[in-house]
Every structure is written in structure tokens, then in C-alpha cells.
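> Structure provided below as C-alpha cells; questions to follow.
The values are calculated or read from the model by the stated rules, or taken from the named source; none is laboratory data. Everything quoted here is computed from the prediction, not taken from an experiment. Ideal geometry is used to build each Cβ from the backbone, glycine not excepted, and the neighbour counts take in all protein chains shown. Protein only, heavy atoms only, side chains kept; ligands, DNA and RNA dropped before computing areas. Shrake-Rupley method; radii C 1.70, N 1.55, O 1.52, S 1.80 Å.
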Amino acid sequence: MRVAVLGAGVIGLSSALCIHEQFHSLVPSLELELYADSFTPHTTSDGAAGLWQPYLSDRGNLQETLWNKETFDYLLGHLNSPAAKEMGLFLLSGYNLFTEPVPDPPWKYIVLGFRNLTPKELELFPDYSYGWFNTALMLEGRNYLPWLTNRLTQRGVKFFHKKIESFQELFSQGVDVVINCTGMRSGELQPDPELQPGRGQIIKVLAPWVKHFIITHDMRSGIYSSPYVIPGSEFTVLGGINQQGNWSQENSAQDHRTIWDSCCRLLPALQKAKVVGEWSGLRPTRPQVRLERESVRHGNLQGEVIHNYGHGGFGITIHWGCAMAAARLFGNILQEKRKASLAQPRL
Amino acid sequence: MAAPKVAVVGAGVIGLSTALCIVETCPSCSVTVLSEQFSPNTTGDVAAGMLIPHTYPGTPIHVQKQWFKETFTYLFAISNSSKASEAGIHLVSGWQVFKSTPKEKLPFWSDVVLGFRPMSEAELQKFPQHQFGQAFTTLKCDCPPYLLWLEKRLKATGVQMYTRKVADLWELHSEYDIVVNCAGIGAHQLVGDKKLFPVRGQILKVHAPWVKNFIRDGDGLTYIYPGIHRVTLGGTREKESWSLSPDPGSTKDIFDRCCSLEPSLREAQDIKVKVGLRPSRHCVRLEREVLSQGGVKLPVVHNYGHGACGFSVHRGTAKEAAHLVGECIAALQGSSSRAKL
């Protein structure tokens, strides 16, 4: 049973790990291969700050809230384990700020210690009049992806630095199931008009005195288009750009100024922070995550594809719940194949 | 009196902040700081500088609360300004956890810090050996940056600072009109205060930049305080111990206790061990005294004995000391005008 995972971002690597963990002992013939043209530290997941936080509303996708919760609980369970530091996993507390009262988010009971901000706390942020405080998790891609890669390598999963041009290409080579975790470029394998880039740009600075995340919200302009500050283990990420439909991965000087000015206004001490890097990436935005099976036929070639892409700006936040769901779909495929082979008359 | 000459003995957090308050309240004063030690060799340089007060048994709670509140308010404003990183002041959130539920669930300072509330069940799950906890956000003064920033501000106002070991306050009577004694643990010898005793504290400063929240055991012995560059792990409380040498047994014990609160600390790097002597006393000695020999008088203001919470109350006691200096000046001016008659 040959399974090809496409994509080596957080979605591809975690889906591969989840499937291998659950099925390698049940399916002795399981051969897992991972194909990607981008590996850590060059994936979208590597550029993200790594804060676990879903969007403010689930956009009607209750399933996504459940997957977010599964991910948070899974990570929380690893927090006290010896692997935590290597995984890039740690607790981080912080602030979400608004210019008007807003309803509590669907994840208020998932994070730790969620509460409204007190008037004294709001004095810290004169441009904002309402907000939340909670403790969440950081999962830094630059550490987590290598950790996942090590776990997969230990398990004998084979990695191929290769761009796959079509699902058929793999089926013609004898692959039985493809797990499609190609993120922003899924459209190249199969057109998907619902998948659009949400371009982000971030500035990396040294500001080790910042110990909280601060995410501001402008309810009119949309998620991540208002300044945010997220302290990581090696540097602090300043951001606040989310341009729908912009495919450019070049850093823009104007966006740099927007981020710098708005973050320094939010936290005046940042004026003294040293800039150590800049990065642009494309959030693979979709009205909902595409996590479903598809039987793909081309001529006399047939294979099963499990799509797992379109995680927007919450890939790290939702990854494990989606990996588990992908593994369940894979389990269904195995069941069907087993029944089909049992039903084959012996000639 | 033209320009009262004030000597502040001691250049730790108490001496420097007191000197600054005197300059602020008495611009005509000429203030000089004299100290055997300056940052990074003061007691405060060892301390984590967390604004979490202890309780002085001999001081009324409302006074301690006032000191803490003034200090918190003052530092809060700095942390919110562009000067925050230079001054070493930053906000930090975290948890104080108790193995058994304490009698007093609301300490006197709970409404001064930010967002104080009991921990939820979910939060307590990270601490399986602890039954109760409090979550809040407070301030941390990183040293040496904070002391260096105070020194810089003092120099900008014209305050002179000299390395000098003062053996006896009286030796200053011919050069200065008023002496302010902020000698900390040094007051034991300097003024022979037998009520002042050291409480030895050993700490580790480690590189563990993924630790962003503080964790403190309610017993006050085990704590994890993330600073700008290093995390302070503590500690010990050894009454009457004067030893400044690190004890390897304590190092291992502190490390193990902290790792049981925060297991990821096992990966901490570059462990540095430091020792400080908390200048402990039943209450802070914050009062005036007049020394006199052969008809010559020297007004003294004492401001020492802050024990385990120098940082937590430093600005409040500095302001009170500056006020007492003002009283000394008024008294001197009164007696000098009487002398003119």
C-alpha cells in the first residue's frame, strides 16, 4: 500500500506522521512517501509566528472549531514532555484588542484563563477600548517542522525533493493513495477558485522584553490586517498585513512602513528593537478547509486523493485535528479496499 | 540655606531611587551618591526584580500597600513608554501556585497588580502537585539595566557619584548637610543595626528564552522569573547566613525544584549561579535621626532593611525618604534663621 503525501509544511508532515502512527502496525505493506519542492525552513509554516489562535469566528464551520480544540489539547498534553523545547512548543499569554465590544470567540473555553481586560490593562493600549486576555500556545514552525521530519525519518518515511505535476503522475507509478497537503499551490494540481492567497508580511525584530502576544483587530478590514506583535523564542514577529488576492512573495517597502509604524504606536518601546529579518508569505485562504476524499480517474488510472488544504492563517492552530481527520479518511479507504479484496472471487 | 548638600550612601536600587526622588522634590539640593559598590555588584543586581511584595511584620499593611502602589504606578508608566527596554522594565504574566490552599486567598496587593484572579482547573492541570493558584500580570525590573538607567538619569541632573567606602556616617558631617543612609545590608556594620540580618538567597540565571510566563510557588522558595535575556530560577532563604559563595548542593536543588514546575527548563543553557543577602528587618527603617558630637549636628535619614522586596516598594520608600529629607532641610533652615537672630 503506497501512500504519497504531497507537501512538507505543517499540514503535510503532521498528516504523514498521524497516518504512520495509526496504521503502520495494522498495514504491514504500508509505504509512506513524502513529496515536496519546499522543505523547512522555506515553507509557509516556517514564516508564521506559530501562535495558536483561530480566527474570531468559525465562519459557520463548527468542524474547524473541533479540530482547533483537538490540536490545542494535543499540544497541551506535550507541554510538560521532554520534547517540548525541541518541538518549539511553549505557553504564551497575551492580549486581543478591539475598538468596540465584540462577542466572545468560539475558542474561549479552549485556551487557558480567557477573560476580558480590566480598565487598568486597557490603559496600556490607548487606541483600544475592549479586549481579552488569555494564555495560549506557541508552536514555532522552524522547530516543529524539523521535529516532525525527524520523527518521520526515524519511522522510515521517504522524502523526495520533487514537484509533482499531477495526481496521475503518482497513480501511474503505483501509488494507491495521495494525501494532498499542497497549501497555497493546490490549484496547480486541481483548479480551486475558492482557494485564494491572503498575502502577509512580517518583520522579525529583537525585542526580548516583550513577553506577551498582542493582536489588534479592525473589524472592518478583517483578520490580520491590523498590527500584531508575537514574541518567539529567538525573535519577535511584527505583522498586520493580509491582502486577499495578492500573489507576491516580495517584501514591500510600503507594507514594512505600515507594520513598523503601527506596531511602534502600539508598543512604543519597539522603536528601540533591532530588525533582524523580513518575510512575506501567502496564507492559503478558503471559505472552509478542504478536507475530503476524492476518487480521481484518468483513463484507466484510478486512485484515492485525500485533500487537506486551505487552512488560511490558522494552519498551525488546526493542524493536528486535520491530520487526525485525514487519518480517519485514510482508514475508510483501507476498510473499503479490504472489503473489495475480500469480495473478489478467486479464479 | 543656599544649596543643601545631601549625601546618599549606597548605590543599590534604594540609594539610586532615593537620590532621584530627592532631586525631583528638591531641585536646589546638591546630591552626591557615595557607595562601595555600584551595579552590577549590588544586592539588587542579583534579584529578579519582580513586583510581588512580601509582608513586613512591623509595618502597617496600608503603608506597605501605598509603597507598592506608588512603585507599581511609577514603573507601569515607564513600561508603557519608549524608555521601557532601556530601563529594563517589562510586564510579565504568570501564576502563583500553592500545594495546599492558603488561608488568605487575596493578598493585600491583589488589586494593584493587573488582572488578578484565581487559576482555573484547566490552568492548574499544568501543576499536578498544586491545588490552588492565582494568575496575574505584574512588572519586572531587570538589573543591571534598571540601575544603569537610574544612574544615567541621576548624572543627567548633575548628581555626582563616587566609589567610596563610608566607615561611619559621622565622617561625612563636614562635607554634607544631610546624609541619607541607603546602605542595605551594609547598615549592619555602618550603623551597627543588630536588628538587620541577612537572608541569604542563591539563584540561577539561565538561558531559556521560550519561558515567557513566571511561575512562583506560594511558599516563596521556588520561582521562575523570565527577564529580558535570562530567566531567574530560585531560590533559598537562609536566615543569618553571610556567605556569598555559591553552594553546589543548592544549585542542584533549585534547578530540580524549578524543573518540576517547568519541565522544559531541563533544556536551559548557560547556567550562572549568584548569591545575594536580603537586608532583612522586622520593618524597613525609614526614619530621621540626628547624630551629634561636640555640639555639631548631622541630620540623617535612614532608608534600609527592605528584605525580600526592595524592588516592590523602592519608589514608595524613596519618596518617603525624600519627604523626610525635606523635613531635615526645613529644620536646618529654621535653626539657621534662629542662629541669625
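> Is there a pair in B:Lys155/B:Lys319; B:Lys152/B:Lys212; A:Lys272/B:Lys274 whose C-alpha atoms are over 25 Å apart, and which pairs would that be?
In this structure, B:Lys152/B:Lys212; A:Lys272/B:Lys274 exceed 25 Å between Cα atoms.
> For region A:143-152, just list the computed ³J(HN,Hα) in residue order, Karplus coefficients 6.51, -1.76 and 1.60, θ = phi - 60°, integers in Hz, with x standing in for Gly and Pro.
3J(HN,Hα) across region A:143-152, in whole Hz: 9, 5, 5, x, 5, 4, 4, 4, 4, 5.
> A further question on this structure: Work out the length of the dipole vector of chain B about its Cα centre, built from +1 on the beta-carbon of each Lys and Arg and -1 on the beta-carbon of each Asp and Glu, and round it to the nearest 20 debye.
180 debye
> In nm, what is the difference between 0.36 nm times the number of residues separating B:Asp111 and B:Cys283 and their Cα-Cα distance?
Here the segment from B:Asp111 to B:Cys283 would lengthen by 59.7 nm.
> Still on this structure, I have one more. Given Cα pairs under 8 Å that are at least 6 residues apart, what percent is the relative contact order of chain B?
25 percent
> Still on this structure, please answer the following. Give the Rg/Rh ratio for region A:12-161, taking Rg as the radius of gyration of the Cα atoms and Rh as the Kirkwood radius, to two decimals.
Result: Rg/Rh = 1.06.
> Turning to a different aspect of this structure: Using a loss threshold of 20 Å², tell me which positions in region B:203-243 are less accessible in the complex than in their chain alone. Probe radius 1.4 Å, ligands and nucleic acids ignored.
B:Pro209, B:Trp210, B:Lys212, B:Asn213, B:Ile228
> Then there's this: Rounded to two decimals, what is the ratio between the C-alpha radius of gyration of chain A and 2.2 N^0.38 Å?
Relative to the rule-of-thumb radius for its length, chain A sits at 1.04.
> Just list whichever of A:Lys158/A:Lys337; A:Lys274/B:Lys83; B:Lys99/B:Lys126 have alpha carbons separated by over 18 Å in the model shown.
Exceeds cut-off: A:Lys158/A:Lys337.
> Now for a different question. Report the antiparallel proportion of the DSSP beta bridges in chain A as a percent, rounded to a multiple of 5.
65 percent
> Near B:His302, within a Cβ-to-Cβ distance under 9 Å, what is the net charge of the other residues, with Lys and Arg +1 and Asp and Glu -1?
Taking every Cβ under 9 Å from that of B:His302, the sum is -1.
> Can you give the accessible area buried between chains A and B, summed over both chains, with a 1.4 Å probe, in Å² to the nearest 100?
In total, chains A and B hide about 2900 Å² from solvent.
> What is the spin-label model distance, in nm, from A:Asp192 to B:Arg237 if the labels are put 7 Å beyond Cα along the C-beta direction?
5.8 nm
> Still on this structure: What percent does the relative contact order of chain A come to when contacts are Cα pairs within less than 8 Å and at least six residues apart?
25 percent
> Using only the Cα atoms of region A:1-78, what do you get for the radius of gyration and for Dmax, in Å?
15.0, 43
> Once both labels are modelled 7 Å past Cα along the beta-carbon direction, what's the B:Gln66-B:Gln293 spacing in nm?
3.5 nm
> Using only the alpha carbons, work out the radius of gyration and Dmax of the protein assembly as shown in angstrom.
30.6, 132
> Counting pairwise Cα distances across region B:5-335, what percent come out greater than 36 angstrom?
Tail of the P(r) past 36 Å holds 19 percent of the pairs.
> Have a look at region B:90-104 and report residues whose accessible surface goes down by 50 Å² or more when the remaining protein chains are included, against the chain on its own, probe 1.4 Å, ligands and DNA/RNA excluded.
Hits at the 50 Å² cut-off: B:Leu91.
> Using a probe radius of 1.4 Å on heavy atoms only, what accessible surface per residue do you get for region A:2-342? Whole Å² is fine.
Heavy-atom SASA per residue in region A:2-342 reads 40 Å².
> Binning at 5 Å from 0, report for region A:291-347 what percent of all alpha-carbon pair distances ends up in each bin.
Reading upward from the zero bin: 4, 15, 19, 19, 17, 11, 7, 4, 2, 1, 0.
> Another question, if that's okay. With every protein chain present, what is the per residue accessible area of region B:5-335 (1.4 Å probe, Å²)?
39 Å²
> Right, something else. Nearest 10 degrees, 0 to 90: what angle lies between the long axis of helix B:13-25 and the longest principal axis of chain B (Cα atoms)?
In chain B, helix B:13-25 runs at an angle near 50 degrees to the longest axis.
> Find which of A:Leu34, A:Leu17, A:Gly313 sits farthest along the positive direction of the dipole of region A:2-342, computed with +1 on the beta-carbon of Lys and Arg, -1 on that of Asp and Glu, about the Cα centre.
It is A:Leu17, whose Cα lies furthest towards the positive end.
> Something else now. May I ask you to derive the FRET efficiency for A:Glu100 and A:Thr258 from their Cβ-Cβ distance with R0 = 22 Å, giving the value to the nearest 0.05?
Working from the Cβ atoms, E equals 0.50.
> Mind checking the full-extension length gain between A:Glu294 and A:Gln249? Use 0.36 nm per residue of separation minus the Cα-Cα distance, one decimal, nm.
Contour length minus Cα-Cα distance gives 13.1 nm.
> Please report, in cubic angstrom per residue, the volume enclosed by the convex hull of the alpha-carbon atoms of region A:152-193.
Normalising the Cα hull of region A:152-193 by residue number yields 95 Å³.
> Report the antiparallel proportion of the DSSP beta bridges in the protein assembly as shown as a percent, rounded to a multiple of 5.
70 percent
> Let me ask something additional. At 0.36 nm per residue, and after removing the present C-alpha to C-alpha distance, how many nm does the segment from B:Gln333 to B:His207 gain when stretched out fully?
40.0 nm
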